[in-house]
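Peer 1: Below is a structure I'd like to ask you about.
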Amino acid sequence: MKIDYSKINDVTGEITMVVEESDYAEKVKKQLKEIGKRHAEPGFRPGKVPAGLIAKKYGNAVKYDEINKLVGDALFEYIKSNNLNVLGNPIPDKANAINDDAKEFTLKFKVGVAPEIEVKADKDVTIPYYNIQVTDEMVDRQDESLRRRFGKQVPGEEVDATALVKGVITELNEDGSVKEDGVVVENGIVGPAYFKSEEQRNLFIGKKVGDSLVFNPAETCEANPTELSSMLNLPKEEAEQHKGDFKFDIKEIIVLKPAELDEEYFKSVFGDNVKDADQYRDAVKKMIETSLKGDQNYRFSIDAKNVLLDKVGEIELPDEMLKEFLISQNDKLTPENIDEEYSGIRGQLVWDLVKDKVAQELGVKVEEQDLVNTARLMARNQFAQYGMENVPDDALEHYAGEILKDEKARNSVYNQTAEMKLFEALRQAVTLDEKAVSVDEFNKLFTQA
């Protein structure tokens, strides 16, 4: 098979393939033989059908299929071996045809190719990097959150924002009297903090054991059948019928007592690294700083993108070919709406090309261990969401391994890892214009954008 590539312009080329009979004849012969073994024809059992009859009936279809497979494989192998940076898929020429009687075929494919991009990522490039300053107020809020997370539920004297309230829930008539044969829940329990109505929540706040109050269960949950069913201890269908007021006689109040600042608490949160209150506040501050790194790095990725794209300037792409390719790949794209949709797609494609060029220039590569490290980080973050800060390494290793076994999850991990490594390499390569900002100032950067 003869294959040639000719350049039409900077972003478009044409691949010409000459397919000769010797390229496909043996494959067609072998496939027809397999058909003869499996297919029966009138008067003939499988394996006994004359080869001529098989060839006459199936020959052209088999030839067409085999040539298509051959051309497809050869086309993409040629692109790969010749390092053609093709955008989209090759588009066959409308004149391409595989005629039944012909033995040799000339097929042409138009390809869009990525332009040569000139971009430098070195110390001559300056990109802003915003460091969010951690204040004492932020440390106090984090301390309060941690102490609540590691706190204990204990009997309380009055209902506060954390309380669970236990007691008897009794259905009332419209006039406020107890409804005869109405719903009575002897061991009712509610959590006012989870009420969707602030008005209903405030009815409980400040109440003490022995107090009674009138509230409306349906209003606490916007009449959600599942929540009503749980509160009133009724099947969903029945619970939906009870939209009126109820009396709540408080028998017990359970409140959350924040953890004490002692050695046991320090160890629960930070392991053996923290021994006293001063070390604890320092550790909390570092925890916040670490959690803010993701936001800071995300902002850096936005600014880096803007700076690099500005330096690259306008890039020529095979736009019409890409539009045609996109329409063929996405049912939602049509000749009527492609121009409107293409602008955003084009912008992302240009950025992908710039990223690839920068990654190549900086020698960014994703190794297997990088994927494991990212999967471990994902696992650690997931455990942290459930308050599990000190997960053993072997558990993280196992969980990370499970993530990477799933192909879809593995691809996601790969993409995240590639992004992280690219921007980490960029932070090392360029000049950072570091700026100290407050949380509000940092958030305004996104509001302004």
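The values are calculated or read from the model by the stated rules, or taken from the named source; none is laboratory data. Every value quoted in this text rests on a predicted model; they were computed, and no experiment measured them. Cβ atoms come from the backbone with ideal geometry, glycine included; neighbour counts cover every protein chain shown. We work out accessible area using only protein heavy atoms, side chains counted, and drop any ligands, DNA or RNA first. Shrake-Rupley method; radii C 1.70, N 1.55, O 1.52, S 1.80 Å.
Peer 1: So is TYR58 touching a residue at least 12 places away in the same chain (Cβ under 8 Å), more than 20 Å from ILE3 (Cα to Cα) and either assigned to a strand (DSSP E or B) or open to solvent by 30 Å² or more (accessible area, probe 1.4 Å) (or both) or not?
Peer 2: yes
Peer 1: Suppose we filter LYS196, LYS207, LYS179, LYS152 for residues that are more than 16 Å from ILE253 (Cβ to Cβ), in contact with a Leu (Cβ under 8 Å, 6 or more places away or on another chain) and basic (Lys, Arg); which single one remains?
Peer 2: When all the criteria are applied, what remains is LYS179.
Peer 1: Please note which strands (runs of 3 or more DSSP E) are completely contained in segment 114-178 and include at least 3 residues that are closer than 27 Å to ASP295 by Cβ.
Peer 2: Correct list: 126-132.
Peer 1: While we're here: Please determine, by comparing only the residues of segment 413-429 that are polar (S, T, N, Q) and surrounded by 15 or more Cβ atoms within 10 Å (Cβ to Cβ), which one is modelled with the highest pLDDT.
Peer 2: Here is the first cut: in segment 413-429, the ones polar (S, T, N, Q) are 415-417, 428.
If we keep only those that are surrounded by 15 or more Cβ atoms within 10 Å (Cβ to Cβ) too, we end up with 416-417.
On the way: GLN416: 91, THR417: 94.
Restricting to residues being polar (S, T, N, Q) and surrounded by 15 or more Cβ atoms within 10 Å (Cβ to Cβ), the top hit is THR417.
Peer 1: Within segment 131-158, how many residues turn out to be surrounded by 15 or more Cβ atoms within 10 Å (Cβ to Cβ) and under 10 Å from LYS285 (Cα atoms)?
Peer 2: 5
Peer 1: Output the residue which, of all residues in segment 91-117 that are closer than 24 Å to GLN348 by Cβ and either touching a Gly at 6+ places or on another chain (Cβ under 9 Å) or among the aliphatic types (A, V, I, L, M) (or both), is most open to solvent (accessible area, probe 1.4 Å).
Peer 2: Top of the filtered list is LYS110.
Peer 1: Pull up segment 207-252, narrow it to residues that are open to solvent by 60 Å² or more (accessible area, probe 1.4 Å) and among the hydroxyl-bearing types (Ser, Thr, Tyr), then point me to the one that is farthest from LYS166 (Cα to Cα).
Peer 2: This residue is THR226.
Peer 1: What do you reckon, is LYS293 closer than 25 Å to ALA418 by Cβ and under 25 Å from the mean Cα position of the chain (by Cα)?
Peer 2: So LYS293 fits the description; yes.
Peer 1: Tally time: how many residues in segment 91-105 are in a strand (DSSP E or B) and not β-branched (Val, Ile, Thr)?
Peer 2: The number of residues fulfilling the criteria is 2.
Peer 1: For segment 186-206, enumerate the residues that are in a strand (DSSP E or B), out of contact with any Ser or Thr (no Cβ under 8 Å at 6 or more places or on another chain) and either touching a residue at least 24 places away in the same chain (Cβ under 8 Å) or open to solvent by less than 50 Å² (accessible area, probe 1.4 Å) (or both).
Peer 2: Within segment 186-206, the first condition is being in a strand (DSSP E or B), and the residues that meet it are 186-190.
Now restrict to residues that are out of contact with any Ser or Thr (no Cβ under 8 Å at 6 or more places or on another chain): 186-189.
Once the filter is applied, which keeps residues that are in a strand (DSSP E or B), out of contact with any Ser or Thr (no Cβ under 8 Å at 6 or more places or on another chain) and either touching a residue at least 24 places away in the same chain (Cβ under 8 Å) or open to solvent by less than 50 Å² (accessible area, probe 1.4 Å) (or both), segment 186-206 yields GLY188, ILE189.
Peer 1: Has segment 391-399 got at least one residue that is closer than 30 Å to SER145 by Cβ, of a type in the set (A, V, I, L, M), at pLDDT below 90 and assigned to a helix (DSSP H, G or I)?
Peer 2: Yes, segment 391-399 has at least one match.
Peer 1: When segment 122-171 is examined, which residues are found to be closer than 30 Å to LEU234 by Cβ and small (Gly, Ala, Ser)?
Peer 2: GLY156, ALA161, ALA163, GLY167, listed by residue number.
Peer 1: From the list GLU361, GLU368, GLU402, which one is open to solvent by 50 Å² or more (accessible area, probe 1.4 Å), under 19 Å from LEU308 (Cβ atoms) and among the acidic types (Asp, Glu)?
Peer 2: Testing whether each residue is open to solvent by 50 Å² or more (accessible area, probe 1.4 Å), under 19 Å from LEU308 (Cβ atoms) and among the acidic types (Asp, Glu) leaves just GLU361.
Peer 1: Right, next: Could you grab me the full set of residues in segment 72-90 that are surrounded by 10 or more Cβ atoms within 10 Å (Cβ to Cβ) and in a helix (DSSP H, G or I)?
Peer 2: Initial filter on segment 72-90 (surrounded by 10 or more Cβ atoms within 10 Å (Cβ to Cβ)): 72-80, 82, 84-90.
Hits for segment 72-90 are GLY72, ASP73, ALA74, LEU75, PHE76, GLU77, TYR78, ILE79, LYS80.
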